[in-house]
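This report concerns only the one structure given below.
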Amino acid sequence: MPIPHSGDHEQGHIVSEAPQNRTCTDTSYFIAIVTCCLLVIPFCVALSMGSDINRFIYGYDRFGNTCGVKNKPIYGINCSGKDLTNRPIARLKYYPVNRCMLHSTKKLLPDVCVDRCIPPNKLIFHRCYPAGHVHLDDNSKLFKNMTEIFHAISESIITIVAMALAGLVLSLLMFVCLRWHHTTVIFWAMVIFQLIASATATSLLWLRYGTSETKQTLYLLAALGAMVYFFFIVLFVVVVHDAFPLITRLYDEAIAAIFRMPTIMVHLLTTLVAVVMSTSFMIFLLVLIFSNQCLQESDDPLTLEYTTTSSTFIFACYVIFVMLWVYAFAEGWQCMITAGSVGQYYLARDKSILQHPVRKSYHLLTRYHLGTVACGSLFVTALSFMRYLANYFVRKVFALTALHGQTFQKSSVQLTKLMILNWFHAVAITGFHYILKCGFSCLILLLTVGLGTWMHLENIYTYYTRVAILCGALIANVVACFVMQVLSVSVDTVFLCFCEEQAKDRSGDVHGTYLAPTPKNYKEPEELKEDRQDTN
């Protein structure tokens, strides 16, 4: 017979599975992710034998000499082994793909190493590009675009870091706003803000499309998208407004749980730091991989160039897959800790007897359910093209596993049944959270872009500045979404507990729930109200 967990509801209510009754779930998937991560090491060691990071950063000349360093002679290559310490810039040249055509497509080839790039030539990431506008082939165009991105990031790294930290701070302030202001007030503020923004965007885009001589399809599609989003918000509010009392109650319960257990945010920040470190390491590996190249003859008989082999591309794809899996695993890790902690808080009638719920949730995760996290994160990685839907499903599966200690498959079946029984409330909560999340994301985007623009007021506003600000805004939004996941997981956990209580109430196993099955007629019992006031 299962052993009830201390602090659970009284007899008949749903309970969180006790550690004594849990077993390791989906262990094979955890072994798989550990194996995939370990396999990266020997391959990287093998590829690093022929890698040269300096060549990736500074470029090389037509004889294969890396600019900015003292080179060793290359067997069989004349003019190799030069000391180019004082020449850290690689000058490039255009070479026609088809020499029989007057206006042939050009390709970029290395020329010589120089100490400075003389105008009107253009210096981009230690490469000196020839002046003039030419039509490049696909490979050369991709190479130039990548060097422009690296140049923009390297020139504005302080701005990008500041914008990412601003996104983190603003997302944490979101919790403070939801704590000290009623959720309904925040929601309606986000609704009004997004309605005004979408209506303004629709008008401006239609105007731009109407006045554009070329009638670009992009403006038309963007205007239609903004208009559809405007009507989606209006339709959503009209259709599901009856569910708002229940939704606000769920949010109040989730926010109370988060502030009652601030260690959740500490674990969040720790996980975020681990994600940044692992992502940086993976990016370094990709740079190391793509700097492993073979020196071969080019189309120009007087020029040699380094080319990337097919095996390098295959291994780069493997590293990207592992990187996405590790990121999804980190999200699942944080999701399980949050769901387990909030589940213990919700299921405890007497909140005062709760002792270290976050620590208990962390112990249960590391002891029993790392395999389930690996399984769910693999599912999300495999469906990266529809990541939002995959995350929506897997997040709730993790919450059920944290509550009941089941495998990914059993939790998925149970989740499907609960969602079918409570589909209207599930849709309402999803839309409610989507509007809140989009509103905060738009605000964070505007504020971080404003911060990046302000930091570049004294500089010339160039294309590279815009690229850097765009990168900083995207990173800030990724950080903010990672933080806001704590709120969405907490609300999902409380909602799933409510759904299970409703299911038991329908079957006659239990009478009454913590949350109202009929929000309009719900009146909170006095003892629960007193408990909640004491908790807050």
Does Leu447 satisfy the condition of being aliphatic (A, V, I, L, M), without any contact (Cβ under 8 Å) to a residue 12 or more places away in the chain and open to solvent by 80 Å² or more (accessible area, probe 1.4 Å)? no
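Is it true that Ser278 is of a type in the set (S, T, N, Q), under 30 Å from Phe56 (Cα atoms) and under 18 Å from the mean Cα position of the chain (by Cα)?
Values: of a type in the set (S, T, N, Q): yes; under 30 Å from Phe56 (Cα atoms): yes; under 18 Å from the mean Cα position of the chain (by Cα): yes.
Considered against the rule, which asks whether it is of a type in the set (S, T, N, Q), under 30 Å from Phe56 (Cα atoms) and under 18 Å from the mean Cα position of the chain (by Cα), Ser278 comes out as yes.
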Tally the residues that are among the aromatic types (Phe, Trp, Tyr) and under 14 Å from Gln409 (Cα atoms), restricting the search to the range 358-382. 1
Can you tell me which residue in the range 91-146 is surrounded by the most Cβ atoms within 10 Å (Cβ to Cβ), limited to those that are farther than 24 Å from Asn65 by Cβ and β-branched (Val, Ile, Thr)? Thr105
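Could you tell me which residue of the range 344-357 is farthest from Arg22 (Cα to Cα), considering only residues that are in a helix (DSSP H, G or I) and out of contact with any Gly (no Cβ under 8 Å at 6 or more places or on another chain)? Walk me through how you get there before you give the answer.
Initially, the range 344-357 is screened for residues in a helix (DSSP H, G or I), giving 344-347, 351-353, 357.
Within this subset, residues satisfying the condition of being out of contact with any Gly (no Cβ under 8 Å at 6 or more places or on another chain) are 345-346, 351-352.
Working: Tyr345: 19, Tyr346: 20, Lys351: 24, Ser352: 25 Å.
Residue satisfying both the conditions and the ranking: Ser352.
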(1) surrounded by 14 or more Cβ atoms within 10 Å (Cβ to Cβ); (2) within 23 Å of Ala162 (Cα to Cα); (3) at pLDDT below 90; (4) out of contact with any Phe, Trp or Tyr (no Cβ under 9 Å at 6 or more places or on another chain): which one isn't true of Met484, the others all being true? (4)
Would you please list the contacts, defined by Cβ atoms under 6 Å and residues six or more apart or on different chains, that run from a residue in the range 170-191 that is hydroxyl-bearing (Ser, Thr, Tyr) to a residue that is in a helix (DSSP H, G or I)? Ser171/Ala480; Ser171/Val483; Ser171/Met484; Thr183/Thr248; Thr183/Tyr251; Thr184/Thr248
Subset of the range 315-354 (residues that are within 16 Å of Asn391 (Cα to Cα), hydroxyl-bearing (Ser, Thr, Tyr) and open to solvent by 10 Å² or more (accessible area, probe 1.4 Å)): Tyr327
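For the subset of the range 147-157 comprising residues that are assigned to a helix (DSSP H, G or I) and within 20 Å of Ala476 (Cβ to Cβ), which member is most open to solvent (accessible area, probe 1.4 Å)?
Top of the filtered list is Glu155.
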Kindly list, by first and then second residue, each pair from a residue in the range 143-162 that is under 18 Å from Leu123 (Cα atoms) to a residue that is among the polar types (S, T, N, Q) and open to solvent by less than 20 Å² (accessible area, probe 1.4 Å), limited to pairs with Cβ atoms under 7 Å and residues at least 6 apart or on different chains. Ser156/Thr465
Checked the range 43-90 for anything loosely packed, with under 14 Cβ neighbours inside 10 Å and among the charged types (D, E, K, R); matches are Lys70, Lys72, Asp83
Within the range 207-229, is even one residue closer than 26 Å to Asp492 by Cβ, under 25 Å from the mean Cα position of the chain (by Cα) and not polar (S, T, N, Q)? yes
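Can you report the number of residues in the range 402-425 which are buried (at least 18 other Cβ atoms within 10 Å of the Cβ) and over 30 Å from Thr23 (Cα atoms)? Spell out the reasoning first.
Initially, the range 402-425 is screened for residues buried (at least 18 other Cβ atoms within 10 Å of the Cβ), giving 402-408, 411-412, 414-415, 418, 422, 425.
If we keep only those that are over 30 Å from Thr23 (Cα atoms) as well, we get 425.
Adding up the residues that qualify gives 1.
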Going by the structure shown, is Ala503 open to solvent by 20 Å² or more (accessible area, probe 1.4 Å), over 15 Å from Leu246 (Cβ atoms), at pLDDT 50 or above and of a type in the set (Gly, Ala, Ser)? yes
Tally time: how many residues in the range 213-246 are open to solvent by less than 60 Å² (accessible area, probe 1.4 Å), touching a helix residue (DSSP H, G or I) at 6+ places or on another chain (Cβ under 6 Å) and without any contact (Cβ under 8 Å) to a residue 40 or more places away in the chain? 6
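Being more than 14 Å from Ser341 (Cα to Cα) and open to solvent by less than 60 Å² (accessible area, probe 1.4 Å): is that true of Thr372 here? Break it down stepwise before answering.
Values: more than 14 Å from Ser341 (Cα to Cα): yes; open to solvent by less than 60 Å² (accessible area, probe 1.4 Å): yes.
Taking the combined requirement at face value, the residue satisfies it.
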Checklist (1) under 27 Å from Leu250 (Cβ atoms); (2) open to solvent by less than 40 Å² (accessible area, probe 1.4 Å) applied to Leu173, failing item: (2)
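The values are calculated or read from the model by the stated rules, or taken from the named source; none is laboratory data. In this text, all values refer to a predicted model and were calculated from it rather than measured experimentally. Reconstructed Cβ throughout: ideal geometry from the backbone, glycine too, with neighbour counts over all protein chains shown. For accessibility, only protein heavy atoms count, side chains too; no ligands or nucleic acids. Shrake-Rupley method; radii C 1.70, N 1.55, O 1.52, S 1.80 Å.
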